[in-house]
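A quick write-up on the structure given underneath.
Read-outs throughout are calculated quantities, based only on the coordinates presented, and are distinct from any laboratory measurement. All figures in this text were calculated on a predicted structure; none of them were measured in a lab. Heads up, the Cβs are rebuilt from the backbone with ideal geometry, glycines too, and the neighbour counts pull from every protein chain shown.
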Amino acid sequence: MIRVFVLYPDAPEPDRYEQHVELSRREVPSATIRHGRILGAMQGESNFAYYFEYEFPDRDTWKAAQDGLMKAAADAQGLGIPFHVYFAELD
């Protein structure tokens, strides 16, 4: 299983973010998408306020989704807040 997850230091503007989520669902239909507010950290305050995740069943599905992921990333830049993208392979 492959997860692509995105961390935002500030929460996105809700209406604009909903447009981004819909674009992500449309452009990356092979992924399960989850997102939500980050509640805190184990010690102290979190450096991040919002979380977004794509989950793919395998590497081939993830690789096949690259064009859609790139479109979604370009749209995310239009949110006006920085973000960090990570890739994880789960056993």
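Beyond 19 Å, what percent of the Cα pairs of the range 2-89 remain? Before the final figure, lay out each step's value.
On the way: 1368 of 3828 pairs.
Value for the range 2-89 (Cα pairs over 19 Å): 36 percent.
For the range 54-71, what does the Karplus curve 6.51 cos²θ - 1.76 cosθ + 1.60, with θ = phi - 60°, yield as ³J(HN,Hα) per residue in whole Hz, taken in order and with x for Gly and Pro?
Here the 3J(HN,Hα) series is 10, 10, 10, x, 6, 5, 4, 5, 4, 4, 5, 8, 4, 4, x, 5, 5, 5 Hz.
Looking at the chain only, what percent of DSSP beta bridges run antiparallel? Nearest 5 please. Could you put the intermediate results ahead of the total?
Working: 19 of 19 bridges.
Bridges in the chain that DSSP calls antiparallel: roughly 100 percent.
Please get the size of the charge dipole for the chain, origin at its Cα centre, with Cβ charges of +1 on Lys and Arg and -1 on Asp and Glu, quoted in debye to the nearest 20. It would help to have the intermediate numbers written out before the result.
On the way: 9 positive and 15 negative charges, 11 e Å.
Once rounded to the nearest 20, the dipole reads 60 debye.
When the helix-only estimate is applied to the chain (DSSP H runs of n ≥ 4, each -39,500 (n - 2.57), divided by the residue count), what is the mean residue ellipticity at 222 nm, nearest 500 deg cm²/dmol?
Details: 3 runs with 32 residues, N = 91.
Result for the chain, helices only: -10500 deg cm²/dmol.
Calculate one ³J(HN,Hα) per residue across the range 29-41 by plugging θ = phi - 60° into the Karplus curve 6.51 cos²θ - 1.76 cosθ + 1.60, and present them in order as whole Hz with x for glycine and proline.
Listing the rounded values in order: x, 7, 9, 8, 10, 9, 7, x, 6, 8, 7, x, 10 Hz.
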